[in-house]
Amino acid sequence: MRRLVALPFAKSFQMAYQSIRVRFFRSLVTTMSLVLAVAFLTFTQAGNKITTSLVLSQDPAFLPVLSKIGYDVNPATADSTSTDNIGSSAKQRWIVFLSLLVCVVGIINAQLMSVTERFREIGTLKCLGALDRFIVRIFVMEATMQGLAGGIVGALLGALVACSESLFSFGLSSLAYMPWRAIGTIVLYAIGTGTGLSLLGVLYPAIVASRMLPVDAMRVEQ
Amino acid sequence: MSEAKKIVRVTGVTKDFDLGKIVVHVLKGIDLEIEEGKYISIMGPSGSGKSTLFNMIGGLDKPTSGKVFIDEVDIAQLDAYELAWLRCRKIGYIFQTFNLIPVMTALENITIPMTFAGVSNDAALQRGMELLDQVGLTGRQSHRPSELSGGQQQRVAVARALANSPAIILADEPTGNLDLSTGEDIIRLLKELSLQRNVTVISATHDYKMLNVSDQVVWIRDGRVDKIQQRDELDIKTGGLESAAH
Ligand SMILES: Nc1ncnc2c1ncn2[C@@H]1O[C@H](COP(=O)(O)OP(=O)(O)O)[C@@H](O)[C@H]1O
Ligand SMILES: [Mg+2]
């Protein structure tokens with residue numbers, strides 16, 4: 001007889017969902033850092049794309065504003081620059097990189113906290129017969145749900161702000177040149193990045209916690 | 001008496017904690033045999049090593065040396081799957097701090113071990129409701145731990161420990177966080193259940209109320225078994241302790 005313990009997929013999903021729902025405020029704080037990181041990423045990337053497409057449009061209506069905010073609107077040089085790079089000067093990329101780094105640290109910290117404050121729960125589940133991977137699976141599901149929710153909200157928020165900003169600066173006529181497809185791609189990538197970061201943040205602490213002896217996990221003061 | 005099955009056997013168990021500069025010798029060689037269906041109290045002053053021994057017997061921690069046999073199986077030889085199975089099916093744990101899962105309702109807490117054991121959802125819910133009735137919590141199935149008193153939480157923990165009809169219930173200071181009469185209720189409940197189901201109850205405690213219901217008392221002092229008393233030897237003593245306590 002093979003002595004096996006089991007945790008059906010649907011059941012672990014339900015446990016993860018319930019954990020988020022009941023600790024709603026706590027989950028919201030964790031998710032919030034994700035929303036901000038993803039919104040910032042989407043905003044800067046979508047903003048660049050929009051400006052690029054306006055520069056390429058060569059529509060004289062946008063030229064005064066474009067040159068005022070520092071773009072080289074000379075057709076010759078504009079064409080020779082890679083379209084992706086317009087607007088993202090080395091300095092700006094550096095800023096995006098640093099902000100993302102801060103957000104990554106924030107997300108990892110939030111997920112680390114959410115695992116460590118549940119050490120006793122993890123130890124108890126192991127006493128009841130949970131395998132290490134049940135624990136990891138529950139946390140991965142929680143992080144995925146938070147990552148998707150935070151990613152979707154953040155990406156839409158970032159795209160919305162980027163579009164409104166260009167409408168505000170360039171007027172309604174800029175709508176005709178909005179690179180919708182490119183913005184959509186950016187939004188999808190940003191959601192993926194957010195979910196990936198959320199998973200990255202939760203994986204290490206969850207694996208460490210799941211491997212602890214039940215006594216060690218339950219001894220942790222909380 | 002010797003023909004009864006030995007459900008737990010502890011041989012030469014020691015446990016050291018390495019604190020870097022010093023090594024604390026907490027258990028200094030424990031030998032113990034526990035018969036099936038008995039109610040055993042492990043008594044001793046605070047810090048004598050009761051919880052440490054409890055963790056060894058329950059497979060929650062590893063001894064530094066010596067062996068623990070559950071049902072004649074050396075638990076050090078079990079792989080991760082078998083150990084999880086043992087914790088799930090063979091042993092029910094009760095803790096001083098209740099250790100319920102805070103986000104789950106009473107009923108959900110009771111059904112987790114059944115889920116791990118592969119019991120279907122409907123069957124688990126039905127059995128969970130029966131267990132709630134048996135521990136006197138009829139109608140409390142959808143309460144979260146934070147909405148229950150300490151005594152009620154411990155009753156949920158007792159029901160959870162019984163979920164997969166384990167052979168052994170391990171209880172570490174089950175009355176430690178409860179007031180006197182609530183503690184007595186829990187002890188009576190454990191005793192009743194142990195009689196009804198022929199479950200072996202092993203309870204670490206320094207609560208003398210436990211003596212009345214025990215078939216055997218193992219006195220631990222300073223990491224060693226001081227003496228083992230059977231119920232009949234005990235009666236004379238309990239009288240003295242009872243009157244001393246009152
Ligand atoms: N993880 C640990 N690290 C260091 N010392 C420990 C640890 N666990 C228990 N001890 C020590 O072992 C001794 C016995 O503890 P314990 O088994 O909890 O006693 P009891 O349950 O009888 O009160 C105590 O002196 C305690 O400080
Ligand atoms: Mg103790």
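The conditions are (1) outside any helix (DSSP H, G or I); (2) over 23 Å from B:THR175 (Cβ atoms), and B:ARG89 fails exactly one of them. Which is it?
All conditions pass for B:ARG89, except number (1).
Output the residues belonging to the stretch B:8-58 that are more than 9 Å from ligand 1 (Cβ to nearest atom), touching a Phe, Trp or Tyr at 6+ places or on another chain (Cβ under 7 Å) and not in a strand (DSSP E or B).
B:GLY58
Where in the stretch B:166-234 are there strands (runs of 3 or more DSSP E), lying wholly inside it, with at least 2 residues that are surrounded by 21 or more Cβ atoms within 10 Å (Cβ to Cβ) and within 16 Å of ligand 1 (Cβ to nearest atom)?
Filter on the stretch B:166-234 gives B:168-172, B:200-205, B:216-221.
Is it fair to say B:MET129 is modelled with pLDDT of 95 or more, surrounded by fewer than 22 Cβ atoms within 10 Å (Cβ to Cβ) and closer than 27 Å to B:THR182 by Cβ?
It is true that B:MET129 is modelled with pLDDT of 95 or more, surrounded by fewer than 22 Cβ atoms within 10 Å (Cβ to Cβ) and closer than 27 Å to B:THR182 by Cβ.
How about the stretch A:162-175: which of its residues are surrounded by fewer than 19 Cβ atoms within 10 Å (Cβ to Cβ) and touching a residue at least 12 places away in the same chain (Cβ under 8 Å)?
Listed by number, the residues that qualify are A:GLU165, A:SER169, A:GLY171, A:SER173.
Among the residues of the stretch B:93-103, write down those that are within 16 Å of ligand 1 (Cβ to nearest atom) and within 12 Å of the chain's Cα centre (by Cα).
Once the filter is applied, which keeps residues that are within 16 Å of ligand 1 (Cβ to nearest atom) and within 12 Å of the chain's Cα centre (by Cα), the stretch B:93-103 yields B:TYR93, B:ILE94, B:PHE95, B:GLN96.
Quick grid of which residues meet (1) at pLDDT below 85; (2) under 19 Å from the mean Cα position of the chain (by Cα); (3) closer than 30 Å to A:SER173 by Cβ; (4) among the small types (Gly, Ala, Ser):
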position	(1), (2), (3), (4)
A:ARG21	no, no, no, no
A:SER33	yes, yes, no, yes
A:LEU63	yes, no, yes, no
A:LYS68	yes, no, yes, no
A:ASP72	yes, no, yes, no
A:THR77	yes, no, yes, no
A:GLY106	yes, yes, no, yes
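Against the condition more than 11 Å from ligand 1 (Cβ to nearest atom), within 13 Å of chain A (Cβ to nearest Cβ), among the charged types (D, E, K, R) and farther than 17 Å from B:ASP222 by Cα, how does B:LYS90 come out, does it pass?
Yes, satisfied.
Considering only the stretch B:101-113, state which residues are closer than 9 Å to B:ARG160 by Cα and within 7 Å of chain A (Cβ to nearest Cβ).
B:ILE112, B:PRO113
Looking only at the stretch A:1-41, count every residue that is part of a helix (DSSP H, G or I), at the interface with another protein chain (Cβ under 10 Å from one of its Cβ atoms) and small (Gly, Ala, Ser) and tell me the total.
3
Going through the stretch B:41-86 one residue at a time, which ones are in contact with a Leu (Cβ under 9 Å, 6 or more places away or on another chain), of a type in the set (Val, Ile, Thr) and more than 16 Å from ligand 2 (Cβ to nearest atom)?
Result: B:THR64, B:ILE70, B:VAL73, B:ILE75.
Quick one: count up the residues across the stretch B:193-207 that are free of Cβ contacts under 8 Å to residues at least 60 places away in the same chain and more than 18 Å from B:PHE54 (Cα to Cα).
Residues in the stretch B:193-207 being free of Cβ contacts under 8 Å to residues at least 60 places away in the same chain and more than 18 Å from B:PHE54 (Cα to Cα): 4 in total.
In the set B:ALA106, B:ALA117, which member is more than 21 Å from A:ARG3 (Cα to Cα), in contact with a helix residue (DSSP H, G or I) (Cβ under 7 Å, 6 or more places away or on another chain), small (Gly, Ala, Ser) and away from ligand 1 (no atom under 16 Å from the Cβ)?
None of the other options fit; the residue is B:ALA106.
Report every pair of residues separated by at least 6 positions or lying on different chains whose Cβ atoms are under 7 Å apart, first residue within the stretch B:5-24 and touching a residue at least 24 places away in the same chain (Cβ under 8 Å), second more than 16 Å from ligand 2 (Cβ to nearest atom) and among the basic types (Lys, Arg).
Final answer for the pair search is B:THR11/B:LYS67; B:THR14/B:LYS28.
Being of a type in the set (Gly, Ala, Ser) and either within 13 Å of chain A (Cβ to nearest Cβ) or within 13 Å of ligand 1 (Cβ to nearest atom) (or both) is the filter here, so list the residues in the stretch B:59-75 that pass it.
Of everything in the stretch B:59-75, just one residue is of a type in the set (Gly, Ala, Ser) and either within 13 Å of chain A (Cβ to nearest Cβ) or within 13 Å of ligand 1 (Cβ to nearest atom) (or both), namely B:GLY59.
Just name the residue that is surrounded by the fewest Cβ atoms within 10 Å (Cβ to Cβ) out of those in the stretch A:129-140 that are within 14 Å of chain B (Cβ to nearest Cβ) and among the hydrophobic types (A, V, I, L, M, F, W, C).
Filtering the stretch A:129-140 for residues that are within 14 Å of chain B (Cβ to nearest Cβ) and among the hydrophobic types (A, V, I, L, M, F, W, C), the one surrounded by the fewest Cβ atoms within 10 Å (Cβ to Cβ) comes out as A:VAL136.
Give me the residue from the stretch B:158-197 that is within 16 Å of ligand 2 (Cβ to nearest atom) and within 14 Å of chain A (Cβ to nearest Cβ) and, out of that set, farthest from the chain's Cα centre (by Cα).
Checked the stretch B:158-197; the qualifying residue farthest from the chain's Cα centre (by Cα) is B:GLU173.
To keep it simple, each residue is scored yes or no on (1) closer than 16 Å to A:VAL38 by Cβ; (2) touching an Asp or Glu at 6+ places or on another chain (Cβ under 7 Å); (3) within 13 Å of chain B (Cβ to nearest Cβ).
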| residue | (1), (2), (3) |
| --- | --- |
| A:CYS127 | no, no, yes |
| A:GLN146 | yes, no, no |
| A:LEU156 | yes, no, no |
| A:GLY171 | no, no, no |
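Got at least one residue in the stretch B:135-144 being crowded, with 19+ Cβ neighbours inside 10 Å, under 29 Å from B:ILE34 (Cα atoms) and more than 16 Å from ligand 2 (Cβ to nearest atom)?
Yes, because at least one residue in the stretch B:135-144 is crowded, with 19+ Cβ neighbours inside 10 Å, under 29 Å from B:ILE34 (Cα atoms) and more than 16 Å from ligand 2 (Cβ to nearest atom).
If only one of B:PHE98, B:PHE116 is on the phi > 0 side of the Ramachandran plot and either within 14 Å of chain A (Cβ to nearest Cβ) or within 15 Å of ligand 2 (Cβ to nearest atom) (or both), which one is it?
B:PHE98
The values are calculated or read from the model by the stated rules, or taken from the named source; none is laboratory data. Here the structure is a predicted model, which means the values were calculated and not measured. Reconstructed Cβ throughout: ideal geometry from the backbone, glycine too, with neighbour counts over all protein chains shown.
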